[in-house]
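Below: one structure, written as structure tokens.
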Amino acid sequence: MRVVVLGATGATGRLAVKQLLNAGCEVIALVRSTDVLAEHPSLTQLTKTALTIEESELKSILAKSDAAICCLGHNLTLQGVYGVPRMLVRDSIKRLADSITAERSRPFKLALMSSTGVCNREAGEKVTSKEKAVVTLLRWLLPPHRDNEQAAKLLQRMGTKNKPLEWVIVRPDTLLDQSEVSEYQWNASPTRSALFDAGETSRINVANALCRLVMEEELWQKWRGQTPVIYNQV
């Protein structure tokens, strides 16, 4: 299996790359620097982003690949949060989706890392008035949150029927670092408030969920076109 990884040198992306390689996958990583990931015979690193790569090259890469994992995020600096591109995730996903040709004979799987702060209203999820007020404030003060919302809406508008692009949006809660994959729960929607009663999800578990989705067909079919929430097992 060949998997394209966006955000491959980030805190979660590099864990996903390692797990894919350990599982025997071929990985094409779009990176800003080749100094982060360890060399591996099944790893190809391209010092390009989904927004800067030539369209013809991106189409060629995707045509030869089976899936993509997107762990893109904004750096927690003034430039990263408020600089350009403000809609990094949404615009990258759109470019990827536009580059997957309708003539493709087999599905292309996209597993996108998001967050529990992104509410799936199409699934009937609701937030309290207090949460709504806070989210509205975050939406305008912190562009990365709005970016994640817009990326999710983009995929939901596309749907999954009769199209080569299929997707799953994975929503972890408060991220933390752990050295090993541990037990974690899959939920169709949040079981607690992301703002006032947040749970925890380790980055290595997020990476594991993303990798399992693209590699395990049964798991993919269970969550295809959905936005599962994962929490560390308490």
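Just so you know, all these numbers are worked out from the coordinates, no wet-lab data involved. All figures in this text were calculated on a predicted structure; none of them were measured in a lab. Positions of Cβ are backbone-derived with ideal geometry, glycine not excepted, and every protein chain shown enters the neighbour counts.
Values as computed for the structure displayed
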{"read-out": "Fewest-first sequence of Leu43, Leu165, Leu219 by Cβ atoms within 10 Å of each Cβ", "value": "Leu219, Leu43, Leu165"}
{"read-out": "Filtered trypsin sites (Lys or Arg not before Pro), the range 146-186: DSSP coil and at most 14 other beta carbons within 10 Å", "value": "Lys161"}
{"read-out": "Beta bridge orientation in the range 2-232: antiparallel %, DSSP, nearest 5", "value": "10 percent"}
{"read-out": "Mean separation of Cα contacts under 8 Å, 6 or more apart, over the residue count of the range 2-232: relative contact order %", "value": "21 percent"}
{"read-out": "222 nm mean residue ellipticity, helices alone, for the chain (DSSP H n ≥ 4; -39,500 (n - 2.57); rounded to 500)", "value": "-10500 deg cm²/dmol"}
{"read-out": "Within the range 159-233, chymotrypsin sites (Phe, Trp or Tyr not before Pro) in DSSP loop having at most 15 other beta-carbon neighbours inside 10 Å", "value": "Phe196"}
{"read-out": "13 Å beta-carbon shell around Thr116, net charge (K/R +1, D/E -1)", "value": "-4"}
{"read-out": "Gyration tensor (alpha-carbon) shape descriptor, the range 161-217, a/c threshold 1.5", "value": "oblate"}
{"read-out": "Given the chain, longest segment not containing exposed loop GluC sites (Glu not before Pro) (DSSP; at most 13 other Cβ within 10 Å)", "value": "104-179"}
{"read-out": "Sum of side-chain charges, Ala38 neighbourhood, beta-carbon under 12 Å (Lys, Arg +1; Asp, Glu -1)", "value": "0"}
{"read-out": "Summed residue charge, Cβ within 9 Å of Asn232's Cβ, Lys/Arg positive, Asp/Glu negative", "value": "-3"}
{"read-out": "Listed residue pairs exceeding 25 Å between alpha carbons, taken from Lys59/Lys153; Lys18/Lys126; Lys59/Lys222; Lys94/Lys163; Lys18/Lys48", "value": "Lys18/Lys126; Lys59/Lys222"}
{"read-out": "More than 30 angstrom apart: percent of Cα pairs within the range 2-232", "value": "19 percent"}
